[in-house]
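Enquirer: Dropping a structure here in structure tokens format, bear with me for questions.
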Amino acid sequence: MEYEKIKDGLAPCGLSCEKCFAHVDGDIRRYSLKLKEKLGNFDPYAIRFEAMMGNPVFKKYPDFKEMLDFFASENCRGCRNEQCKLFKECGIRRCHQEKRMEYCFQCGEFPCTKTNFDEPLHKVWVTINEKIRKIGVGQFYEKTRDRPRYV
């Protein structure tokens, strides 16, 4: 696969931008838009189905719709193209730009505490970058491109 395409998909931290729910061209956004289209004006039907079927799950449709609208509305172009719209305190993009490193694992200070990640994400970040260092960017991308981001 072309290296520039891989870089568009993998942020400097090693996380997959294109799999993020906020990515403008990501599957989550695309499928959310498609589901919204397929559901159409389901609101009155949810009320009717709850009454007809006696299933209280349809009472939760407004919450589901709100979440679906949120997933469908995000429009981030990825961390290499703009500041992260979700994690405003991320320290990696600034560091990446200052040091001109493609990925965190290439830095002599890796792993560091400049990320501003919480502990679980920090552990994932370290693990991802260690894997990339071991097997290479291309192989890491190929092995993980079909895996969900949120595992």
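Just so it is clear, none of the values below were taken in a lab; they were calculated from the coordinates. All values derive from a computational prediction rather than experimental measurement. Every residue, glycine as well, gets a Cβ built from its backbone with ideal geometry; the counts of neighbours run over all protein chains shown.
Enquirer: Please report, largest first and rounded to whole Å, the three semi-axes of the ellipsoid equivalent to the chain, where each semi-axis is the square root of five times an eigenvalue of the C-alpha gyration tensor.
Expert: 37, 16, 14
Enquirer: Just to verify a number: FRET efficiency for residue 64 and residue 121, C-beta to C-beta distance, R0 = 41 Å, to 0.05?
Expert: With a Förster radius of 41 Å, E is 0.95.
Enquirer: Once you place label points 7 Å from the Cα toward the Cβ at residue 114 and residue 25, how far apart are they in nm?
Expert: Simple spin-label model gives 2.9 nm for this pair.
Enquirer: Also, quick follow-up: If you take the beta carbon distance between residue 45 and residue 77 as r and set R0 to 25 Å, what does 1/(1 + (r/R0)^6) give as a FRET efficiency, to the nearest 0.05?
Expert: Step by step, r from the Cβ atoms, then E = 0.10.
Enquirer: Report, in deg cm²/dmol and to the nearest 500, the calculated mean residue ellipticity at 222 nm for the chain, where each DSSP H run with n ≥ 4 adds -39500 (n - 2.57) and the sum is divided by the residue count.
Expert: -15500 deg cm²/dmol, from helical runs alone.
Enquirer: Measure out, as a whole number of angstrom, how far apart the alpha-carbon centroids of segment 7-53 and segment 81-118 sit.
Expert: Centre-to-centre distance over Cα atoms comes out at 27 Å.
Enquirer: Based on the Kirkwood radius over alpha-carbon pairs, what is the Stokes-Einstein translational diffusion coefficient of segment 25-73 at 37 °C with 0.692 mPa s viscosity, in µm²/s?
Expert: 288
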